[in-house]
Each structure stands twice: as structure tokens, then as C-alpha cells.
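Chemist: Starting off with a structure, shown below.
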Amino acid sequence: MKTGNILFIIIFWLAILIAAEKTVARDATITTIGSASLCQPGATVVAGTVANFTNVSSISLRIEYNPTVLSFLSAVPNAQLNTMIINNISISPTLSKIMVVWGEITPKSFPNGSAILSLNFNYMYGATPLTFNNSSNNGGDCEYADENGDPMNDQPTAAFYHDGLVQQAPASLFLTNMTVTAGMTRCYYATQLVTSAGPGSTF
């Protein structure tokens with residue numbers, strides 16, 4: 001076989017390998033917005049926590065909520081993400097969005113369960129989900145980039161973005177068949193009655 005043919009074959013396979021490497025995106029960070037059950041109107045804080053936050057160079061998040069239930073007060077980013085920009089934007093009388101943008105040359109990593117931001121609201125009444133919008137702008141409003149600046153795979157949306165819920169606490173709450181282990185903290189809210197365990201159940 002001629003040297004030229006061997007060189008061509010090597011170049012051909014290298015091109016295939018490089019193309020394959022570029023098309024296989026790493027899975028994105030899993031992002032969760034917390035939930036809150038409130039006994040009365042007033043201030044509440046909801047955290048955004050992450051898992052699989054490894055060598056991330058940029059973040060874009062879009063979180064939507066009903067402003068008749070919550071009014072946005074402020075947001076506090078993680079101290080290591082202090083260049084993060086967080087804007088609250090009104091879309092309609094019943095829909096607002098919080099846009100979160102961060103990016104740096106040096107990628108960041110966080111342990112699972114770390115909070116990347118805290119959102120401060122004033123709760124008024126009713127209930128509203130805190131929903132990640134990963135469909136607008138072809139999904140660009142919710143996106144993580146890896147250490148090379150390439151978008152990370154965040155499909156299916158429900159696997160990577162976990163929505164929250166802010167609502168009024170129920171009048172009654174039954175705590176049955178639950179185990180709270182050493183070191184765990186659990187908060188249970190009810191406006192009138194909390195019942196723990198009962199016939200045939202444990203707490």
C-alpha cells in the first residue's frame with residue numbers, strides 16, 4: 001500500500017474521531033428550585049441547588065412564577081459566583097420571569113446539594129409553581145456550558161430541571177409512616193392541626 005493511501009486513512013479516521021467527540025455533549029448540571037409552605041403572608045427564601053456541577057463555565061436559567069402570588073424582592077448568588085446577574089422581568093399581570101446569567105473563563109465545580117443562589121420573595125396568597133422554562137429561545141434560556149464553553153445536554157428537561165412550589169400551608173397535616181434520622185431536619189407546616197402517627201402508623 002502506498003504511503004499516500006495510509007496517510008489518507010489516518011487523516012480520515014482522525015476526522016471521524018474529532019467529529020464524534022464534538023457531537024457527544026456531557027450531561028448538564030441538575031438544578032432544583034426549593035419549595036415553601038407558608039402559614040401566613042410575608043417574606044420567604046427559596047434556594048436553587050445543584051448536583052453534577054462539575055467544570056461549568058457558564059449558566060443561563062429562566063424561572064417563571066405568578067406575580068399575584070409572589071412579589072420578587074432580591075436574589076443572592078453563591079459567593080463563588082459573585083459575577084452572576086439576576087433580573088426579574090414582568091411578562092404579563094400573571095407571569096414574571098427571573099433570568100439568571102453567569103460565566104467565567106475558569107470553570108467552577110460544587111459538591112452535590114450546594115446552593116448557587118437564593119431568591120427572596122414576599123408571599124401574598126395562593127400557590128404558584130417556580131418553573132424552569134427550557135423551551136423558549138430554542139432552549140437557550142436554560143443552559144449550562146462545560147469547561148470548553150460547549151452547551152451541555154439537558155434533555156429531557158424534567159431530568160435536569162426540577163421545579164419548585166410556593167403555597168399556603170394546609171389547615172391540617174398528618175405525619176404518618178415517616179422516619180427522621182439523626183442529623184436530618186424536617187419542617188412541617190399546618191395552619192391549624194398537625195397529627196403525628198396514629199393507629200397502625202409511625203413517626
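Chemist: Would you kindly calculate the mean projected area, averaged across all directions, of the convex hull enclosing the Cα atoms of the chain, in square nanometres?
Modeler: Values: hull surface 70.7 nm².
That works out to 17.7 nm², a quarter of the Cα hull's surface.
Chemist: To continue, here is another question. If I ignore ligands, DNA and RNA and count only protein heavy atoms, how much of Y65 is accessible to a 1.4 Å probe, in Å² to the nearest 10?
Modeler: 10 Å²
Chemist: State the percentage of accessible surface on the chain attributable to carbon and sulfur atoms; use a 1.4 Å probe and exclude ligands, DNA and RNA.
Modeler: Values: 6760 of 11640 Å².
Here carbon and sulfur together make up 58 percent of the probe-accessible area.
Chemist: I've got another one for you. What percent of all Cα-Cα pairs in the range 18-91 falls into each 5 Å bin, going from 0 up to the bin containing the maximum distance?
Modeler: Histogramming the range 18-91 at 5 Å steps yields 3, 9, 19, 21, 17, 12, 9, 5, 3, 2, 1, 0 percent.
Chemist: Which order do you get for E143, E64 if you rank them by accessible area with a 1.4 Å probe, largest at the top?
Modeler: E143, E64
Chemist: Given contacts defined as C-alpha pairs under 8 Å and at least six residues apart, what's the relative contact order of the range 72-147, whole-number percent? List each step's numbers first, then the result.
Modeler: Values: 70 pairs, mean separation 25.1, N = 76.
The normalised contact order for the range 72-147 reaches 33 percent.
Chemist: Express the C-alpha Rg of the range 89-203 as a ratio against the empirical globular expectation 2.2 N^0.38 Å, rounded to two decimals. Mind showing how you got there, number by number?
Modeler: On the way: Rg = 19.5 Å, N = 115, 2.2 N^0.38 = 13.4 Å.
Relative to the 2.2 N^0.38 Å estimate, the range 89-203 comes out at 1.46.
Chemist: Once the Cα atoms of helix 3-23 and of the chain are each reduced to a long axis, what angle between those two axes, in degrees from 0 to 90 to the nearest 10, is obtained?
Modeler: The answer is roughly 10 degrees.
Chemist: By per-residue mean of other Cβ atoms within 10 Å, what is the highest-first order of 122-133, 38-49, 172-183?
Modeler: Packing order, densest peptide first, comes out as 122-133, 38-49, 172-183.
Chemist: State the Cα centre-to-centre distance between the range 54-123 and the range 178-200 in whole Å.
Modeler: Taking the Cα centre of each part, the range 54-123 and the range 178-200 sit 31 Å apart.
The values are calculated or read from the model by the stated rules, or taken from the named source; none is laboratory data. Predicted, not measured: the structure shown is a model, and the values here were computed from it. Note: ideal-geometry Cβ built from the backbone for every residue, glycine included; neighbour counts use all protein chains shown. Ligands, DNA and RNA are stripped out before the accessible areas are found, and what is left, the full protein with its side chains, is counted by its heavy atoms. Shrake-Rupley method; radii C 1.70, N 1.55, O 1.52, S 1.80 Å.
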